[in-house]
1. If you go through segment B:257-268, how many residues are in a loop (DSSP other than H, G, I, E, B) and either facing chain A (nearest Cβ under 9 Å) or within 22 Å of the chain's Cα centre (by Cα) (or both)?
2. If I ask for residues that are modelled with pLDDT of 85 or more and surrounded by fewer than 20 Cβ atoms within 10 Å (Cβ to Cβ), which ones from segment B:71-90 would you list?
3. Can you report the number of residues in segment B:131-162 which are out of contact with any helix residue (DSSP H, G or I) (no Cβ under 8 Å at 6 or more places or on another chain) and in a helix (DSSP H, G or I)?
4. Which residue out of C:198, C:144 is more than 12 Å from chain A (Cβ to nearest Cβ), in a helix (DSSP H, G or I) and touching a residue at least 60 places away in the same chain (Cβ under 8 Å)?
5. Within segment A:121-160, can you find the residues that are touching a helix residue (DSSP H, G or I) at 6+ places or on another chain (Cβ under 6 Å), in a helix (DSSP H, G or I) and more than 14 Å from chain B (Cβ to nearest Cβ)?
6. Condition first: without any contact (Cβ under 8 Å) to a residue 60 or more places away in the chain and in contact with a helix residue (DSSP H, G or I) (Cβ under 6 Å, 6 or more places away or on another chain). Now tell me which residues in segment A:164-191 satisfy that.
7. Quick check, is residue C:382 out of contact with any strand residue (DSSP E or B) (no Cβ under 6 Å at 6 or more places or on another chain), within 14 Å of chain B (Cβ to nearest Cβ), within 22 Å of residue B:193 (Cα to Cα) and outside any helix (DSSP H, G or I)?
């Protein structure tokens, strides 16, 4: 299969997936209740009021037309006006995006470097005391509920040690028309705890994967061959082992990055980090439906796109990779 | 035939517990016993307002109670005994996760085996659904489900089932397809065995062990997810706290130094998930195909 | 260099004993192994599975996992004891003087690196001072030396772009790249087809003569030894059974085990002294009542985005017609990818053909329809290649056999009486009935598989490479059993194999399959003595000469 048809196929799959998701979303919204009652007062509305509202919302149109309107709104990012902030929902999401993005990027950089390093250390010497300790620690790290981890980080880092602030973004600096915390010292201090909270489970996950990959690859003949022909362990690690385990690692990093956008919900809420996760939870609690829809749609689309990119990256990285047959 | 199948399964069930790596298993057993015996052990019923003394709210651990017992782990902002809250919360957390995992495993098993065995459009439809679900983070799916369904215990279980079934279905299908391609199934087909016999006597007994390893992992996920949702206020109702909502209750008190309200329920939750994960890890290592029993 | 070093053999292993440290105490693997190897010599180490031959090879290469422990003895290179000198020096010496070729060409090359870069890397590891221009020239020269065509152009290709034989050549080039004195080759040709194996062995022999390199060849195949080795070390259960020049071992084996091993190797007869006149030479007998006609099968080639766009298909079988001799064994022989297994599976009803019919007696069945509906499924039983996966691991032998009795096509016997009798017939103790498959040896499992096929009382049995996963001595026993059973029970057998000698030993009529088409057919006698088909000749020529008469 050529790279071109791989790209084409994978993109097609992503588009189909998004289409199905939009259908489910459309049905879901209609199942929840008549949206007319969002704009008219149920107690005082007359039949004419409801009639007018129905026409205004386009609910008198046939169902496929309604879906087209819905899809068009999705595509143009038109989710309506926030009931609470009285701003277009989508631009509200975009405004909160940089905060989430910088948090996730910093956390993922941390997780990827530490995770790969720890995984390599363990995988080079399977069965040793160090390896067993790392493995055990990783199970613990994966077992900590993220909200409790966040709170314990606040307890340890902010309340007991008093070194880091317990919430908020701190000072920000403007770049490319957005505010970024990474650019200021105060912002960085605010970033440490939430980034750790997001990174710790991912360090464990990446370390386990790296360890397993290393053990598998190092057992293969060509690595034994490299040893037999006298290559330095350093060179074997960098030129042979690492490239061969990179495919699953890149995959998990991509997937987890998408997952972080979703899981940031918890961490952002606890650390009062004004990103899209906090926006989502606040909006759910305030019943701000347009913002909820806009946020969920955005995260889903981002995740699906990221997934597709990871698959394509695999195809580039490893010429043998055929895209896995789905179904 | 069902008795036969059960006996085959019993054969490998009987050798799993209590060999090495005892500690997590002991912990897990203790957790289950504590949860079952909560009403007997807990000095206070945290769901019963008449047993709660509001003036003893936020007592530090070790404070004697007006009810004649000691708040070994302190009380929360409403005056509920933390130790009792943990015991009762454990019940809800375990119940919700075990029930949802059982339903999800049953649905997943049925869907996966059907997909593998009937193939064609059945396979396509089921696997597209699985893809759809697995291509989104669990947290997102749970949030979407809760937002559309609304929070309550049965809705939470439903959301957890929606989140989990696909993982089972995909694994069962993969394993069953792999087994179906093996020569021993070919040999069975050559004997013209009835399809159900091939399925229940040959494919299923060999597909179940790998799937079993998924159960503890998924239960662990379910507990964590339920706790997270409850923490966010989207889970079980506040008057019947699970471990997650118990931790959430303490959040606002954390900054004023009343650490115990969040610390102890969280610790209990952490210990529960960790012991399940360790047992799961052990189970998976034991059933690793690379160490077939000799 | 001292005189002692000068006269010392290139490699000398003295009284080597190895054990494996298991949780239940040390398990001895090698006992008191002594052998030597001189410059320019090819020494073969032969043994069946579990003989410890690969462990010995890895010990010499210094590639044993840490759980292995050298309890006694020494390994010397040119008189220098590798354990006596500083371990880092010993390591360096080993790396410089010894290199390796492994069996599995699919995993011995880094899939992500071009073959040129991999060879260049080896040269640089041996001679770090060489400039890149020289390294490149050396790589191309090496690729030419192992007869890779178009070396300059293929330099940048990755391993998956080469065929199996070519990959093994590249592995050999890589082994030569550091200019070692000794190559330890662990089953270098076992994963290859006979014709390719022949070429690789010729290449190795040629390299020995041209460059004076020595080879320590670890193998289970007496044919490979006969083809290339100067001396042979026969190993069994971690001991050396016999060690001698190849001509002595092959012609006057001193040791009982060696004698048995040699007797078990199937041999090809090329003389027509035992002419079987009962079978016609070339034509298929029209009166025969069992066979297939016009069987065609294609597989989709790759996948496309949409299911309907999948028009490119690869032909696995093209219009195959064949007949089986009733009550005898008919052979289908071919190399990997010839479609022989697919043919067997279609005949048994496990796969659907695209077109064609199957005839059993009076009945003619459409092979392109579901075999369950046409009633073909169940008429034919099969014996599969790998007995470790052809028995349900979670069923006792008794249950597996009972199922066969109960659901078999013409169930007659019942009760454990017939099971016990069948166990006796296939040469197994009745006490094994209560066991699970993993508690049996490979040969025992294959006997159970034969019993299972027979208990269903089929008219026809398809045996798909039933012995190629077994040791030679076990193979001989299983083949004998098959032969006896066919004679006794009046079943018709379609025997699929890549091994000409085995086919000749068993079959009265033979079809030669090449790339999905019948290249040659005829009585066994005709095929092996008089056939003019160049493909059949090339298959026969690929056999080691020592085992053809």
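The values are calculated or read from the model by the stated rules, or taken from the named source; none is laboratory data. Note that the structure is a prediction, hence the values are computed from the model and not measured. For neighbour counting, all protein chains shown are included, and Cβ atoms are generated from backbone atoms with ideal geometry for every residue, glycine included.
1. Final tally of qualifying residues: 2.
2. Passing the criteria: none in range.
3. Filtering segment B:131-162 down to residues out of contact with any helix residue (DSSP H, G or I) (no Cβ under 8 Å at 6 or more places or on another chain) leaves B:150, B:152, B:154.
Right, trim to in a helix (DSSP H, G or I) and you get B:154.
Summing the residues that are out of contact with any helix residue (DSSP H, G or I) (no Cβ under 8 Å at 6 or more places or on another chain) and in a helix (DSSP H, G or I) in segment B:131-162 gives 1.
4. Values: C:144 fails: touching a residue at least 60 places away in the same chain (Cβ under 8 Å).
Step by step, each of C:198, C:144 is checked, and only C:198 is more than 12 Å from chain A (Cβ to nearest Cβ), in a helix (DSSP H, G or I) and touching a residue at least 60 places away in the same chain (Cβ under 8 Å).
5. A:122, A:123 - these are the residues of segment A:121-160 that are touching a helix residue (DSSP H, G or I) at 6+ places or on another chain (Cβ under 6 Å), in a helix (DSSP H, G or I) and more than 14 Å from chain B (Cβ to nearest Cβ).
6. Selection gives A:164, A:165, A:170, A:171, A:172.
7. Details: out of contact with any strand residue (DSSP E or B) (no Cβ under 6 Å at 6 or more places or on another chain): no; within 14 Å of chain B (Cβ to nearest Cβ): yes; within 22 Å of residue B:193 (Cα to Cα): yes; outside any helix (DSSP H, G or I): yes.
Taking the combined requirement at face value, the residue does not satisfy it.
Yes/no matrix, rows are residues, columns are (1) surrounded by 20 or more Cβ atoms within 10 Å (Cβ to Cβ); (2) in a strand (DSSP E or B); (3) touching a helix residue (DSSP H, G or I) at 6+ places or on another chain (Cβ under 9 Å):
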position: C:179; (1), (2), (3): no, no, yes
position: C:185; (1), (2), (3): yes, yes, yes
position: C:192; (1), (2), (3): yes, no, yes
position: C:202; (1), (2), (3): no, no, yes
position: C:210; (1), (2), (3): no, no, yes
position: C:217; (1), (2), (3): yes, yes, yes
position: C:235; (1), (2), (3): yes, yes, yes
